[in-house]
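Trainee: Just dropping this structure here.
The values are calculated or read from the model by the stated rules, or taken from the named source; none is laboratory data. Only a predicted model underlies this, so the values are computations on that prediction, with no experimental measurement involved. Cβ placement follows ideal geometry from the backbone for every residue including glycine, while neighbour counts extend to all protein chains displayed. Protein only, heavy atoms only, side chains kept; ligands, DNA and RNA dropped before computing areas. Shrake-Rupley method; radii C 1.70, N 1.55, O 1.52, S 1.80 Å.
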Amino acid sequence: MKALVCRKFGSFDDLSIDDIADPIPSDRQVRIAVVEAGVNFGDALITAGQYQIKPSFPFSPGMEAAGIVVDVGADVKKFKPGDRVMATCVYGGFAEEICVDQSVVFPVENGVSFTTAAVFPICYGTARHALVDCAAIKPGEWLLVLGAGSGVALTTIELATMAGARVIAAASSAQKLQAAKLAGAEATINYQEELLRPAVAEITNGRGVHAVFDPVGGDMSEHALRTMAPGGRCLIVGFAAGRFPSIPANLLLLKEWSVIGVNTAVLIERNPTLYRSRFAEMMQWAAKGEIKPLVARRYPLVRAVEALTAVTSRDVVGRITVVIRDKM
Ligand SMILES: NC(=O)c1ccc[n+]([C@@H]2O[C@H](COP(=O)([O-])OP(=O)(O)OC[C@H]3O[C@@H](n4cnc5c(N)ncnc54)[C@H](OP(=O)(O)O)[C@@H]3O)[C@@H](O)[C@H]2O)c1
């Protein structure tokens with residue numbers, strides 16, 4: 001089968017499309033013919049050797065994928081050949097086939113396209129976990145979302161708005177802020193042009209936000225932290241700016257602020273049944289058209305390196321996919 005292959009950590013130039021052996025499922029695994037795979041910032045990190053998980057070589061990047069089950073291991077009872085599914089696989093998605101543990105495979109409703117399913121697990125899984133388990137966001141609360149045109153941020157805006165929260169979207173361009181408005185943001189701030197703190201103060205009548213969703217990191221994190229009202233909760237989601245932020249502990253004491261890490265792997269470990277039931281529920285929402293990820297670009301597998309380059313370019317609004325096969 002064809003796959004994008006990484007043989008050493010480093011630059012995208014070292015990645016190549018190769019013919020490799022077809023995967024064989026172990027007893028608990030599902031073998032999926034991948035139709036489309038979501039491209040994530042983490043895919044770039046994993047090929048650079050900068051992700052928390054470092055696969056052994058050779059491996060294919062691709063953290064999430066959607067397709068059709070072609071084979072199952074002896075212990076797999078929930079899936080059968082022909083089922084439409086999506087999976088969170090950490091790596092391996094940019095390939096014609098993948099074998100993944102049944103615990104991270106989820107059904108895809110008939111009315112939901114493979115394009116939507118390809119970008120569904122990571123963004124919707126993370127956003128829901130962040131809002132419900134980590135921030136316990138309540139109707140009427142203000143939520144400041146950084147990097148608001150990014151994949152995970154747009155999904156968070158969509159779900160937070162559905163939950164009745166009031167979202168302030170902050171991003172670096174008018175185009176990103178427009179997408180955030182369409183996802184449900186009530187107010188927007190272009191942080192290339194305006195300082196966050198006074199802008200948030202004006203929008204919230206001086207009260208500040210109840211929570212911050214931060215997938216950006218770097219210097220922006222402290223600016224965002226300082227927009228919170230006493231008792232505010234700051235969600236640390238990622239470091240797209242390339243630097244871990246320093247959080248001043250004295251401010252946490254003075255304002256009773258909480259800083260909470262968001263890692264869906266923790267939820268999967270702690271409560272896999274809840275994680276699975278949420279996907280079933282959110283798939284229903286997607287099938288009814290109540291939620292829809294914004295997919296900006298779709299690249300064929302032979303151009304997967306361009307897709308990875310694009311995801312790190314900072315100029316994409318929404319999500320990117322790699323199309324592995326046109327149809328089954
Ligand atoms: N914790 C989890 O479970 C989880 C799940 C999903 C993603 N993440 C992490 O969240 C972050 C965002 O992921 P994503 O897939 O949504 O990424 P994305 O779509 O590529 O967006 C990243 C955003 O970060 C901002 N940014 C600021 N400085 C940047 C830089 N130097 N290079 C690139 N982007 C920069 C940009 O927004 P502006 O231009 O508006 O500043 C950009 O739109 C990543 O670090 C990812 O690893 C974590």
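Trainee: Once Lys and Arg get +1 and Asp and Glu get -1 on their Cβ, which of Leu225, Phe244, His210 lies farthest toward the positive end of the dipole of the stretch 123-265?
Mentor: His210
Trainee: Give me the percent relative contact order of the chain, please, defined on Cα pairs under 8 angstrom at least 6 residues apart.
Mentor: 19 percent
Trainee: Can you work out the FRET efficiency for the pair Ala74 and Ala136, with r the C-beta to C-beta distance and R0 = 41 Å, to the nearest 0.05?
Mentor: 0.50
Trainee: A further question on this structure: Stretched out fully, how many nm does the piece from Asn263 to Ser313 gain, at 0.36 nm a residue minus the Cα gap?
Mentor: 15.6 nm
Trainee: Let me ask something else. Per residue of the stretch 82-94, in order, report the coupling 6.51 cos²θ - 1.76 cosθ + 1.60 (Karplus, θ = phi - 60°) as ³J(HN,Hα) in whole Hz, putting x for Gly and Pro.
Mentor: Result, ordered by residue: x, 5, 8, 9, 10, 8, 9, 10, 6, 8, x, x, 8 Hz.
Trainee: Heavy atoms only, 1.4 Å probe, whole protein assembly: order Phe120, Phe114, Phe9 by accessible area, highest first.
Mentor: Phe9, Phe114, Phe120
Trainee: Between Leu253, Leu15, Leu182, which gets the highest mean-square fluctuation from a Gaussian network model of the chain, Cα cutoff 10 Å?
Mentor: Comparing Leu253, Leu15, Leu182 in a Gaussian network model of the chain, the most mobile one is Leu253.
Trainee: Still on this structure: Out of the total accessible area of the stretch 281-328 (probe 1.4 Å, heavy atoms of protein only), what percent is carbon and sulfur?
Mentor: Carbon-and-sulfur percentage of accessible area, whole number: 48.
Trainee: Report, to the nearest whole %, how much of the accessible area of the stretch 1-118 belongs to carbon and sulfur atoms, 1.4 Å probe, protein only.
Mentor: Heavy-atom surface of the stretch 1-118 belonging to carbon and sulfur, 1.4 Å probe: 51 percent.
Trainee: Indicate, rounded to the nearest 5 percent, the antiparallel portion of the DSSP beta bridges found entirely in the chain.
Mentor: Here the share of antiparallel DSSP bridges comes out near 55 percent.
Trainee: Provide the per residue accessible area, probe 1.4 Å, for the chain, rounded to a whole number of square angstrom.
Mentor: Computed with neighbouring chains in place, this is 44 Å² per residue.
Trainee: Okay, next question. How do Val237, Val100 stack up against each other in accessible area, from largest to smallest, with a 1.4 angstrom probe?
Mentor: Result of the area sort, largest leading: Val237, Val100.
Trainee: Follow-up question, since we're still on this one. Under the definition of Cα pairs under 8 Å and six or more residues apart, what whole-number percent is the relative contact order of the stretch 114-189?
Mentor: It comes to 28 percent, rounded to a whole number.
Trainee: Counting trypsin sites (Lys or Arg not before Pro) as exposed when in a DSSP loop with at most 15 other beta carbons within 10 Å, what is the longest stretch of the chain free of them?
Mentor: 79-206
Trainee: Rounding to the nearest 20 debye, state how big the charge dipole of the stretch 123-265 is about its Cα centre with +1 on each Lys and Arg Cβ and -1 on each Asp and Glu Cβ.
Mentor: My answer is approximately 140 debye.
Trainee: Here's something else I'd like to know. What residues have an amide H closer than 5 Å to that of Met63, excluding those fewer than 5 places away on the same chain, when H is modeled at 1.01 Å from N in the peptide plane?
Mentor: Asn40, Gly93
Trainee: What do you reckon, how do Ile189, Ile24 stack up by accessible area (1.4 Å probe), largest on top?
Mentor: Ranking Ile189, Ile24 by accessible area, largest first, yields Ile24, Ile189.
Trainee: What ³J(HN,Hα) values, in whole Hz, does the Karplus curve 6.51 cos²θ - 1.76 cosθ + 1.60 give for the stretch 158-169 when θ = phi - 60°, with x put for Gly and Pro?
Mentor: With the stated coefficients, the stretch 158-169 comes to 4, 6, 5, 5, 4, 7, x, 6, 9, 9, 9, 9 Hz.
Trainee: Could you work out, for the stretch 202-298, what percent of all Cα-Cα pairs fall into each 5 Å distance bin, beginning at 0 Å and stopping at the bin that holds the largest distance?
Mentor: 3, 11, 15, 14, 16, 16, 14, 8, 2, 0
Trainee: Using +1 on the beta carbon of Lys and Arg, -1 on that of Asp and Glu, and nothing else charged, what's the dipole of the chain about the Cα centre, debye to 20?
Mentor: 480 debye
Trainee: Moving on to the next point. How far apart, in nanometres, would the label points at Phe57 and Ser11 be if each is projected 7 angstrom from Cα along the Cα-to-Cβ direction?
Mentor: It works out to 1.6 nm between the two label points.
Trainee: Which whole number of Å³ per residue matches the convex hull of the alpha-carbon atoms in the stretch 123-265?
Mentor: 95 Å³
Trainee: Could I ask something else about it? For the stretch 123-265, what is the percent of antiparallel DSSP beta bridges, rounded to the nearest 5?
Mentor: 0 percent
Trainee: What is the percent carbon and sulfur in the accessible area of the stretch 123-265, measuring with a 1.4 Å probe over the protein chains and ignoring ligands?
Mentor: Taking all protein chains in place, the stretch 123-265 shows 53 percent carbon and sulfur surface.
Trainee: While we're looking at this one, here's another question. Where is the GNM fluctuation largest for the chain (alpha-carbon springs, 10 angstrom cutoff): Val30, Val108, Val259?
Mentor: Result: Val259 has the largest fluctuation of those listed.
Trainee: Still on this structure: If each of Asp22 and Leu252 carries a label point 7 Å out from its Cα toward its Cβ, how far apart are those two points in nm?
Mentor: 5.2 nm
Trainee: Pick out which of Leu235, Leu301, Leu267 has the largest mean-square fluctuation in a Gaussian network model of the chain, springs linking Cα atoms closer than 10 Å.
Mentor: Maximum fluctuation in the GNM of the chain, among the listed residues, is at Leu267.
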